[in-house]
Structures are given as C-alpha cells and as structure tokens.
1. So residue 23 fits all but one of (1) at pLDDT below 90; (2) not in a helix (DSSP H, G or I); what number is the exception?
2. If you take the residues in region 4-23 that are surrounded by fewer than 12 Cβ atoms within 10 Å (Cβ to Cβ) and more than 18 Å from the chain's Cα centre (by Cα), which one is nearest to residue 104 (Cα to Cα)?
C-alpha cells in the first residue's frame, strides 16, 4: 500500500474549564478574534494563520479520556482510507466517523502512544 500524501495540521481546539476567561486571555495576549459557532460556548477563530482554524470550547471527554488543554485535527483526503491506515498501524478508533454538516467527516483516534487526535475529510477549501 503506497504512503498517503502528507496530512496537514488544519485545526486545533483549546479546551477550557472557563471558556469566557480563556477567550479573554487569547484575545488580549494574541489579538485573536472569536466568533460563536455551533453549540453554546463554542467559538471559532480564523486569526491564527492562513489555512488554519482554531476553536475555543468547554473541556470534554472523548472515549472516556479527558481531553488535554489543546487538541489537534489533521486534514485528510480520504477518511475511510485514513481509518484503515490507523487501524492497520496499531491505532484505535475511539469515536467513529461522523458528519458535521457543511464541514466534513471527522473521526477521533488514539495513536500507538495513547494520544487522542482527530482526522477530518473537509467538504470544501473554506475549512
């Protein structure tokens, strides 16, 4: 099986116990701007660099693991091939692929070292 093309880091999330406090911090320290998007307490920022999207959200558990302060998502061309490659190389799918309307298909996985991350097949270049 040939190696897939490099998967760029496309998205990161800042998980916060106090979202308003964290929002104020990143606005004041880095000059980022946040826009409400999705569920209450979820914000996006596009002011972190070209082609990158950031989120600020309440801390949550994925597959029983408390998410750290930061989480990352890789952009992939083919989510099904990526799932197969994760499993074939000793990783584990911890949250099955699901569709985020107008955004794409997202899966969360655990790598061979126990780290949880996401892989997203985006529907358009806007993301």
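The values are calculated or read from the model by the stated rules, or taken from the named source; none is laboratory data. Note that this is a predicted model, so its numbers are computed, not measured. Here the Cβ is made from the backbone with ideal geometry for all residues, glycine too, and neighbour counts use every protein chain on show.
1. That leaves (2) as the condition not met.
2. Kept after step one, since they are surrounded by fewer than 12 Cβ atoms within 10 Å (Cβ to Cβ), are these residues of region 4-23: 5-6, 8, 17-18, 20-21.
Subsequent filtering for residues that are more than 18 Å from the chain's Cα centre (by Cα) retains 5, 18, 20-21.
On the way: 5: 19, 18: 28, 20: 27, 21: 30 Å.
Only one residue fits best here, namely 5.
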